[in-house]
Structure formats: C-alpha cells, structure tokens
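S.K.: The structure's right below; bear with me while I get my questions together.
Readers should treat all values here as calculations from the given coordinates under stated rules, not as data from a laboratory. The model shown is predicted, which means the values in this text are computed figures rather than measured ones. A quick note on method: Cβ atoms are made from the backbone with ideal geometry, for glycine too, and the neighbour counts reach across all protein chains shown.
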Amino acid sequence: MLVNAKEMLDKALEGHYAVPHFNINNLEWTKAVLLACEEVKSPVILGVSEGAGKYMCGFETVTAMVKAMDKSLGITVPVALHLDHGSYDGCLACIKAGFTSIMFDGSHFGIEENVEKTKELVATAHKAGMSIEAEVGAIGGEEDGVVGMGECADPQECKKIADLGVDFLAAGIGNIHGIYPENWQGLSFETLAAIKAAIGENLPLVLHGGSGIPDDQIKKAISLGVSKINVNTELQLVFAKATREYIEAGSDKKGKGYDPRKLLKPGFDAIIEECKAKIALFGCANKA
Ligand code: G3H
Ligand code: ZN
C-alpha cells in the first residue's frame, strides 16, 4: 500500500522507534527492500535520489515499477515513495509522477531562500496529499574527494523551517553521507537536544548518513526524537561484497552462474539481511 510518510513518522515519534528510509537503485534493490520489510512487518520509506531516478529511466518509471511491485508481491506494510535530496524542480516532477512524499533539500541556499522555496513546496505537496521533508544545515560527506566532517544545524534556522508546516525535518548533527572517516567525532547530541527544544516535541526528525553510525548512537538519537533514518551506503557495500565473493569463488563460471538472475542473487539476499538488521536496530519490526 503506497501512503504518504506523515502518519508512519508521527507514530514512530510517539512510539520511540525509527522508520527506515532505504535508497533504491533498480528492480532488485526495490524487491529486496520490500520483501525484507514485509517479512518483519515494518513500514518503509523508499528513497529515490534524482540521480537514481534518472538511472531508472525517470520518476514515472519508478512510480510504475513500485506500484506494480507492491501489488504483485502482495505487500501489506505501508510504503512511502519519497524523493531524496530533491531540487525545487525535482520536487515538482515527483509530485507530478505520483510519488507519495518529497524531500526538498534547500540547505545549500541561504536560510531566507530555503524558507521561501520550502514554503511554496509545503503548500504544493500538501495540496497533492503528499508529505514533505526539508533540510537545514548541510549534511557532510565526500564531495570531489574532500570529506566534510559533518555540520551542525542552527536550532533557530531549524525553527524557521519547522514553522512552515513541514512533516519531518533533516538537520545536521555531525552526521555525514558515505563511509565515516576514522577521526569522526560522533553525533552531536547537544545539537540534537537544542534543535528539539527549538522546534518543539511534535515534529519527527530525520537522520541522514545512517550507514556506519555505532548502534548506541543510533539508539540515543532515536530516544531524542529521530524518527526516520536514511541508509544507502551500507546496502551498496553488502551488495558489492556478496557479488564480489560470488564472482571470486568462480560461481559465475559453474552451471549457468552467469545468468543475471543467479549473478545478482547473493547481493539481493545480502540487501534483505542488512535491511532486517537495520529494522531490528531501529525498533521498527511489527510496527506496520
Ligand atoms: O539520503 C540518503 C542518506 O542520507 C544515506 O546516507 O549513504 O551514508 O547511508 P548513507
Ligand atoms: Zn541524505
């Protein structure tokens, strides 16, 4: 069942767990994520970046694939189809394409421009019955070979965006995309508490860069109001490792091991196991 993400995140905030946002890249990825979530009865947010959308032949193709797969696999858990780190135009395209949720990432604009654009998109998304996430304070990560250490958002700027009626808010608390460097300082719980104090108790917060954060920090973040955690890199890592092992073991040369359905199976299974492990950590099993 495709739904917008507001209700599942409001419930998560109230129930002190987090809903997984898993990024998808292709048919196998989508199928693996959906089957894992159905097996453990977890609601899920399927994240689609603009790049992944383009790779999958456009947002319309993604919507058609997800809707058809949801039906043919007999998925009963709530599924939100969500644009990840969207531009203004990307958000409009996903509204048109039948996504159920969008993220407008205006964090690279000055706060006034971020407010202006977010405000417009909140009205447009809500009119279409969709949920909307916004971002304050850029999430660090690797860009052109330089690894940022993770910015901390300004709580007052968070309040300005929160007050626009967004359904959930991504705010930098030292988290970064991709693999965390060895000298990473960890999440800033001080910043998280200050943001919460500024925006109030009722708005679910989003933690980006969810790959590789130690379990105790994940649990503490959830206890302080994080209700959605984005995971992309870790799924890519387990997929690549399992595929590499299959090929290095020469399995692709045995029988019809070169058949793509066989070649992609170890990586597919690895995604399922990783999703289930994340769901257990986030406390989201049996919350559908
Ligand atoms: O928006 C996507 C995420 O924040 C994923 O981050 O690749 O570090 O898991 P990650
Ligand atoms: Zn992100």
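S.K.: Given N residues in segment 232-288, what is its alpha carbon radius of gyration divided by 2.2 N^0.38 Å?
M.R.: 1.35
S.K.: Can you give the relative contact order of the chain as a percent, counting alpha carbon pairs under 8 Å and 6+ residues apart?
M.R.: 22
S.K.: Sticking with this one: Give me the net charge of residue 80's neighbourhood, meaning all other residues with Cβ under 12 Å from the Cβ of residue 80; Lys, Arg count +1, Asp, Glu -1.
M.R.: Local charge sum for residue 80: -3.
S.K.: Right, something else. Sequence-distant or interchain residues sharing an amide H contact under 5 Å with residue 80, placed H: which?
M.R.: 3, 44, 45, 46
S.K.: How many percent of the alpha carbon pairs in the chain exceed a separation of 30 Å?
M.R.: Considering the chain, 27 percent of its Cα-Cα pairs are separated by more than 30 Å.
S.K.: Among 284, 57, rank each residue by its count of other Cβ atoms within 10 Å, from fewest to most, as a rough exposure measure.
M.R.: 57, 284
S.K.: Right, another one. To the nearest 20 debye, what is the magnitude of the charge dipole of the chain about its Cα centre, counting +1 on the Cβ of each Lys and Arg and -1 on the Cβ of each Asp and Glu?
M.R.: 1200
S.K.: Right, here's the next one. Take the Cα gyration tensor of segment 132-288, multiply each eigenvalue by 5, square-root it, and list the three semi-axes largest first, rounded to whole angstrom.
M.R.: 36, 17, 13
S.K.: Each residue of segment 184-197 in order: what ³J(HN,Hα) in whole Hz does its phi give by Karplus 6.51 cos²θ - 1.76 cosθ + 1.60, θ = phi - 60°, with x for Gly and Pro?
M.R.: 5, 7, x, 6, 8, 6, 4, 5, 4, 5, 5, 5, 4, 5
S.K.: Taking the DSSP beta bridges in the chain as the whole, what percent of them are antiparallel, to the nearest 5?
M.R.: 10
S.K.: Where in the chain is the longest stretch that carries no GluC sites (Glu not before Pro) classed as loop by DSSP and with at most 14 other Cβ atoms within 10 Å?
M.R.: After excluding every exposed loop site, the longest remaining stretch is 1-181.
S.K.: Tell me the trypsin sites (Lys or Arg not before Pro) within segment 1-87 that lie in a loop according to DSSP and have at most 15 other beta-carbon atoms within 10 Å.
M.R.: Listed in order of number, the matching sites are 41.
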